[in-house]
Each structure stands twice: as C-alpha cells, then as structure tokens.
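See structure below.
The values are calculated or read from the model by the stated rules, or taken from the named source; none is laboratory data. What you are looking at is a predicted structure, and each value in this text was computed from that prediction instead of being measured. Virtual Cβ from ideal backbone geometry, glycine too; neighbours counted across all protein chains shown.
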Amino acid sequence: MESCGLWMLAAVALAMVATGLPAWVVLVGVSLAFAAGGIAAGAFDASLFAAVHPRLVGLLENDLLQALPLYVLMGVLINRTALADTLFRASRAAFAPTRRAVPLAGLFLGVLLAPMSGSAGASVAMLSRTLYPRLSAAGYPEERNVALVCVASTLGVVVPPSLVLILLGDAMMRAHTEASHILASSVRIVNTQDVFHAALVPAAIFLALCAGIAAWQGRGAASPAAAERCSRADWITAALATSLIVALLAGVALGYLYAVEAAAAGGMALAVHGLATGALRREVLRDVLRETMSVTGSLFALLVGATVFTLVQRAFGTDRWLAAGFAGLGGGKLAVLACGLGGIAACALVLDAFEMIFVVVPLVAPALLVAAPDAPWVSVLMLLILQASFLIPPFGYAVLMARSRTGTHAGTAALARALLPFVAAQLLVLGLVAVAPGILWREAPAAAASQAPLSDDAMRELLDKQLQGEDPQK
C-alpha cells in the first residue's frame, strides 16, 4: 500500500493529459478516489479528512502567500499598460550597436517579466503575447523566436526572487525540518533567503550563457538601422521602470526587503504610472483585476488541491517508503540524488513548476535531504533540473506550451536545433553546481548541515540561557 502515492502521481499525470481539466480538480479527484480505496482496504480511516482543515489554515497563514497576488499584479500591469512594448523598444535601441538587438532585447524583457509571471505556463502565456509578436515583426527566424520564448519563460524558475523560488523556499523549509527530525540532528533549518542566495550565482552564470547564445543566434537578424527610434519619454519610462523592478527584485533577493513589501511597492508604482499616463483606463483596470484574480485564484485552488493530495499520500506512508527505499539504494548521496532528481525531471514533463512544488517536492525532498543534508545545494539542483526538463524538446513543458500558445509552424527538428545550445548551457551549469557546491553563496557554512545532535542536558542548558537572556554561545 505504501507505493500508492506514486500511483497517485501517475494517475494525476494521465488524467491531466487525457482530460485537460484544471490541475486542482484532478488533484482533488484523484485524492478522493485513492482515499476511498484506502479506507475500504483498511489502510486508514475516514477521520483522516479531519486533518484537512487545520492543514489548510496553517498553510494559508503563511505571510509569503500574500506576495502571490501582488507579484501577479505587477506582471499583468506591465503587460496591459503597454509598458512591455516600451521596454522592448528601448532595449532594442540600446542593443542596436551590437547588431544583435532583437534577441538580446527579447531576453532582457523575459528576465524582467518571468520572475513575476511565476510558473512556466503563465510565463509562456504572457511572453507569447508580449515577446513573440515583437520578435516576429522584427523578422527574427521562427524557430529561434519560439526557442527564445521557451527559455525566457523558464527564467522565473532560477532567477530570484521569483514566485517559484518563494514557494520552493517554503517547501524546502518544511522538508528540511522533516529530514532533521528523521536524523535527530540539531541544524539551522533552511529558509527562503537561503534558497535565494544559493540560486544567485547559478542564475547569473546561466543568464550570461543565454545572452551569449542569443547574441550568436541573432547575428545579422537586424541591422542598427532597423532598430526603432525611441523618444525621450520612452527612454525615461524604460529607465525608471527597469530601475524600479531591478531594485525591488534585488532588495528581496539580498534580504533587504520582504517579498510582500517589494511587490506592494512595485504594484503601486506601476498603477500610478498607468493612471498618470492614461494607459490604465477603466476598462483596462477591469481587465487587469480580472486577470490578476484569475491567476491568483488558480494558484490558491492548486495549493488546496495539493494539500489534500499530499495528506492522502502521507496516509499511505509513501513518504516513509520512499525514504527507506532511497536509504537502501547504496552508492551514497550521489546515487540518491541521481534517482530523486531523475524522478523530478520525469514529472516535470507533465507538471508545471507550482504543481511540482506543491505535489512532488514535499514527497521527494525529505528523503533527498536525509541522504544529502545540504539543503541550499539540493534546492538549486532541483531548480536546475526542473528548468532543464521544461526545455527538452519535443516533450518539455515549456516547449509544448509555447508551440500551443504561439501556433508556430516551426518544425520539431528546427526547434530542437534552436533549443540545443540553451539546453547544453543549462546542463553545464547543473554539472558545475553538482561537482562544485562551493560556488553557491551561503549565509551559513555548509558544515552546519553535519552538526552533531545536542544531548538532552545540552538542550536544557541552552534553553535556560535563552530564558535568562544570556548569550547561548558562551
């Protein structure tokens, strides 16, 4: 019965592909069906569902979730107020002397928009409306256009402080707590800022490689004379908007701002700009709010469905069964990581980033952290393998979504050739992080992960010092 949790994952994947129903509907339906089977077989009783309400209340009390609608609002405002068009036009003019203006401007726009769009599906939908038609109008080759949309749509997976990293940081904190209980070790539990910091160096390397590949692919695509001229107002608007977005995102990633504060400030600034320029008319505002509520509602519905799903998985004991299976693999932590990351890569072919974080990560991450307690390192490896899976043609999630959204006529072979350099760069960064975890930026030394557990006497002494206001390190 312990393996039923994996059969639940397979059922979700098949149901999503076969029915096209929203992910949260599939998650709840599969959970109820397997729960009915488990109750009938005597694996657990119906009182299990009494735990759903407190789990949801505890989950929704998380302050980080307040940032979700605000991040989405920022992305929608940039798109609906035509600010994206201004940013693309100004960046294209700025990159014109390089003779690689079109792809570099497209990648720049993707870097700004993808972290606020969140999942790969949402990013593809936004960039298909903003980036794809602009590249097509500039005469950029079709297969390279779609490839650039695919790559840009996955940047939110690794570029902090995106919605994906915010939610992954929370999921890894829970998984690290579970792993530390299993190991009976007293360690510093990873938090969202640790994941942000650890992802910065790999994200910077990947962005640099992507810029080089985009420049190489865009050679001769547009001459400086073909670049659009920008007015002074366009330059000022683009400079201020870029500075604001970069400052807010950098402030969150570096720990100077809370995600909620930064998203609220950014949303307010963009709304004021839209009102001041007349771009945020009443009907546009209505569309902005409707789209923001639609995306946010789907995220919270997915969160509720995933909570029910993981509860049933744990009732079957799949998490403990997986941990025992990984422990018995042999070959050390590298074998465990290879097996776990391989499973994540396979699931990412049919599940989006949020579905992976809500459904797969809580099941797999505790077992991985038992074998490899370096939580920031494991988090970055998971992010990189997730992004790589989204880009692998022809079945990568971002590739399928981009082909569907853009209605492209580019052939599979041509698109694969355009994506190949980006996938190679992604795998290069993945390999670098795997063999050299020391390149990650950390707040605490990695050796803390192997810290020996404290004895009962030491714990009581530490607690007494804290209660008396003394320095616990003395």
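Considering only residues that are outside any helix (DSSP H, G or I) and among the basic types (K, R), look in the range 82-100 and name the one that is nearest to A271 (Cα to Cα). Going through the qualifying residues, I end up with R100. One residue stands out among those in the range 43-67 that are of a type in the set (D, E) and out of contact with any Phe, Trp or Tyr (no Cβ under 9 Å at 6 or more places or on another chain): the one that is surrounded by the most Cβ atoms within 10 Å (Cβ to Cβ), which is D45. So, A40, is that one exposed (fewer than 15 other Cβ atoms within 10 Å of the Cβ) and more than 22 Å from L303 (Cα to Cα) or not? When the stated conditions are applied, A40 passes them. Count of the range 397-410 residues, restricted to those that are of a type outside the set (A, V, I, L, M) and buried (at least 23 other Cβ atoms within 10 Å of the Cβ), is 1.
Evaluating G274 against the criteria (1) within 30 Å of V195 (Cβ to Cβ); (2) crowded, with 17+ Cβ neighbours inside 10 Å; (3) in contact (Cβ under 8 Å) with a residue 12 or more places away in the chain; (4) of a type outside the set (S, T, Y) leaves one unmet condition, (1). Taken over the range 201-234, residues that are at pLDDT 90 or above and surrounded by fewer than 20 Cβ atoms within 10 Å (Cβ to Cβ) amount to 8. For the range 242-270, filtering for residues that are surrounded by 15 or more Cβ atoms within 10 Å (Cβ to Cβ) and of a type in the set (S, T, Y) leaves 2. Identify, please: which residue in the range 379-395 is at pLDDT 90 or above and either under 19 Å from L420 (Cβ atoms) or small (G, A, S) (or both) and is, among those, surrounded by the fewest Cβ atoms within 10 Å (Cβ to Cβ)? Across the range 379-395, the extreme among qualifying residues is I385. Does the range 381-392 contain at least one residue that is of a type in the set (F, W, Y), touching a Phe, Trp or Tyr at 6+ places or on another chain (Cβ under 8 Å) and either under 25 Å from M126 (Cα atoms) or free of Cβ contacts under 8 Å to residues at least 60 places away in the same chain (or both)? There is at least one residue in the range 381-392 that is of a type in the set (F, W, Y), touching a Phe, Trp or Tyr at 6+ places or on another chain (Cβ under 8 Å) and either under 25 Å from M126 (Cα atoms) or free of Cβ contacts under 8 Å to residues at least 60 places away in the same chain (or both).
Among all residues of the range 173-190, there is none that is assigned to a helix (DSSP H, G or I), in contact with a helix residue (DSSP H, G or I) (Cβ under 6 Å, 6 or more places away or on another chain) and under 30 Å from T81 (Cβ atoms). Filtering the range 164-199 to residues that are more than 18 Å from V359 (Cα to Cα) and hydrophobic (A, V, I, L, M, F, W, C) leaves I182, L183, A184, V187, I189, V190, V195, F196, A198, A199. Considered as a group, the residues in the range 346-399 that are under 20 Å from A23 (Cβ atoms) and not in a helix (DSSP H, G or I) include one that is nearest to the chain's Cα centre (by Cα), and that residue is D352. The single residue among L351, L368 that is in contact with a Lys or Arg (Cβ under 9 Å, 6 or more places away or on another chain), at negative phi and surrounded by 22 or more Cβ atoms within 10 Å (Cβ to Cβ) turns out to be L368. Scanning the range 152-160 for any residue that is within 27 Å of G218 (Cβ to Cβ), in contact with a Pro (Cβ under 8 Å, 6 or more places away or on another chain), among the hydrophobic types (A, V, I, L, M, F, W, C) and in a loop (DSSP other than H, G, I, E, B) turns up at least one such residue. Answer yes or no as to whether A147 is in contact with a helix residue (DSSP H, G or I) (Cβ under 6 Å, 6 or more places away or on another chain), under 16 Å from L400 (Cβ atoms) and among the small types (G, A, S). In short, yes. Of the helices (runs of 4 or more DSSP H) lying entirely inside the range 1-74, those carrying at least 2 residues that are small (G, A, S) are 4-19, 23-41.
Test R144 against the criterion of being in contact with an Asp or Glu (Cβ under 7 Å, 6 or more places away or on another chain) and assigned to a helix (DSSP H, G or I), and give yes or no. For R144, the condition - in contact with an Asp or Glu (Cβ under 7 Å, 6 or more places away or on another chain) and assigned to a helix (DSSP H, G or I) - is not met. So which residues in the range 255-291 are of a type in the set (G, A, S) and either closer than 13 Å to L77 by Cβ or more than 20 Å from the chain's Cα centre (by Cα) (or both), if there are any at all? Within the range 255-291, A263, A264, A265, G266, G267, A269, A271, G274, A276, G278, A279 qualify.
Among the residues of the range 130-145, are any under 22 Å from G75 (Cα atoms), surrounded by fewer than 24 Cβ atoms within 10 Å (Cβ to Cβ) and of a type in the set (K, R)? Yes, the range 130-145 has at least one match.
Put simply, of F309, F326 the only residue that is within 28 Å of F395 (Cα to Cα) and at pLDDT below 80 is F326.
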